[in-house]
Amino acid sequence: MKFPLFKTKIQGIDKKFDLINPESQREYFEAKAGKEIRELREFLKENSFIAYLLGKKSSGKGTYSKMFAEIIGPDRIEHFSIGDMIRRIDGELADEKKRKELFEFLKRNYRGRISIEEIISSLENRSTKVLLPTELILTLVKREIEKMEKKTLFVDGFPRNLDQIDFSLFFRDLIGYRDDPDVFVLIDVPNEVIDERIKWRRVCPICQTSRNLKLLPTSKVGFDKKKKEFYLVCDNPRCKGAKMVLKEGDELGIEPIRKRLETDEVLIKQALSLYGIPKVLLRNSIPIEEAKEFVDDYEITPEYVFEFDEKTEEVKMKERPWVVKDNDGVPSYSLLPPPVVVSLIKQLDDIFNL
């Protein structure tokens with residue numbers, strides 16, 4: 001499965017934007033997609049839409065949709081995570097009053113082949129490997145939607161399996177967005193990108209902030225002489241220079257979730273083959289040999305490598321383009337979120353004929 005390349009390089013724009021700096025990032029979006037951003041903002045003054053985010057675990061679904069909302073209008077767009085919703089319900093089950101309210105809501109609204117008692121038990125004792133019934137997910141989503149003002153929704157986490165694809169086609173009707181257009185946003189990310197994001201992730205043991213030794217270091221990097229390895233120092237002043245650590249299991253990378261990634265890939269292929277619903281195709285990587293034609297150098301994800309100077313006992317950092325192999329083994333550059341979001345903005349603008 002290969003999505004087409006999307007060109008963000010525009011002739012005549014020679015400025016090099018710093019895509020980490022918020023002000024420079026705003027200038028970047030104006031330069032690359034200013035017309036489309038204004039058109040989408042105008043469209044969303046009177047309209048809304050439903051977007052189903054389909055991508056592998058850790059493919060950037062939340063990052064891309066939240067960045068899109070920030071640019072176009074956070075007051076008109078909501079990132080709606082099914083996983084976050086279920087985690088909030090975990091908290092409700094521990095509160096007697098809220099548990100009773102949830103039980104009453106399910107009695108009034110749930111329709112399915114499993115009893116409400118079994119449903120509550122399933123919520124309390126579920127394994128993360130077992131998907132909750134689709135009918136229950138839709139009922140709980142309806143409950144959350146009723147609390148919201150009508151907005152554009154980026155739905156993250158539904159559909160999660162092949163059986164749910166058909167439900168998603170009627171999702172907007174079930175939650176009361178009957179007149180809204182809907183789209184699939186399909187994200188293609190090489191497994192190697194996800195693997196390295198996990199393996200190089202580091203977490204502060206005090207504030208739980210997550211960074212990445214290879215891709216998103218903190219301002220201070222240390223070197224452990226005994227272990228002969230580099231480590232990140234948390235930037236939060238309250239943590240008083242705490243050493244960030246590898247989370248248990250992260251050293252395995254994608255191995256524990258490999259089956260999940262395979263299912264996600266099949267799901268994306270299935271969605272890609274459906275007729276009648278527009279599709280936005282986003283890709284996180286670009287073959288090295290084609291990069292110069294399609295993207296600017298500053299749009300490529302940098303990786304950071306470190307050297308320890310024995311004389312000064314200082315850590316020196318170097319930056320270079322992050323090279324990964326796509327799922328066909330082709331050497332590629334991984335892209336930073338902004339160029340992927342430019343692609344999202346322009347494709348949505350085309351879909352709605354703005």
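Numbers for the structure displayed
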read-out	value
Filtered residues of region 328-354 (kept if at pLDDT below 95 and among the polar types (S, T, N, Q))	353
Contacts under 6 angstrom Cβ, first residue in region 200-227 being free of Cβ contacts under 8 Å to residues at least 24 places away in the same chain, partner polar (S, T, N, Q) and buried (at least 18 other Cβ atoms within 10 Å of the Cβ), 6 or more apart	200/212
Filtered residues of region 76-114 (kept if among the hydroxyl-bearing types (Ser, Thr, Tyr) and in a loop (DSSP other than H, G, I, E, B))	110
Residue within region 25-42 that is farther than 20 Å from residue 286 by Cβ, of a type in the set (A, V, I, L, M, F, W, C) and not in a strand (DSSP E or B) present	yes
Positions within region 46-71 being part of a helix (DSSP H, G or I) and in contact (Cβ under 8 Å) with a residue 12 or more places away in the chain, in sequence order	61, 62, 63, 64, 65, 66, 67, 68, 69, 71
Number of positions in region 52-104 that are closer than 15 Å to residue 148 by Cβ and at pLDDT 90 or above	5
Residue 15, sole failed condition from (1) farther than 13 Å from residue 344 by Cα; (2) in a helix (DSSP H, G or I); (3) among the charged types (D, E, K, R); (4) without any contact (Cβ under 8 Å) to a residue 24 or more places away in the chain	(2)
Verdict on residue 167 being in contact with a helix residue (DSSP H, G or I) (Cβ under 6 Å, 6 or more places away or on another chain), under 30 Å from residue 98 (Cα atoms), among the aromatic types (Phe, Trp, Tyr) and at pLDDT below 80	yes
Residue check, residue 24 closer than 30 Å to residue 266 by Cα, hydroxyl-bearing (Ser, Thr, Tyr) and either surrounded by 14 or more Cβ atoms within 10 Å (Cβ to Cβ) or in contact with a Pro (Cβ under 9 Å, 6 or more places away or on another chain) (or both)	no
Top-ranked residue of region 179-209 - restricted to ones that are part of a strand (DSSP E or B) and of a type in the set (Val, Ile, Thr), ranked as surrounded by the most Cβ atoms within 10 Å (Cβ to Cβ)	185
Residues that are small (Gly, Ala, Ser), surrounded by 13 or more Cβ atoms within 10 Å (Cβ to Cβ) and over 20 Å from residue 135 (Cβ atoms), drawn from region 67-122	69, 73
For residue 221: the one exception among (1) within 30 Å of residue 281 (Cβ to Cβ); (2) in a strand (DSSP E or B)	(1)
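The values are calculated or read from the model by the stated rules, or taken from the named source; none is laboratory data. Small disclaimer: the values here were computed from a predicted structure and weren't measured. For neighbour counting, all protein chains shown are included, and Cβ atoms are generated from backbone atoms with ideal geometry for every residue, glycine included.
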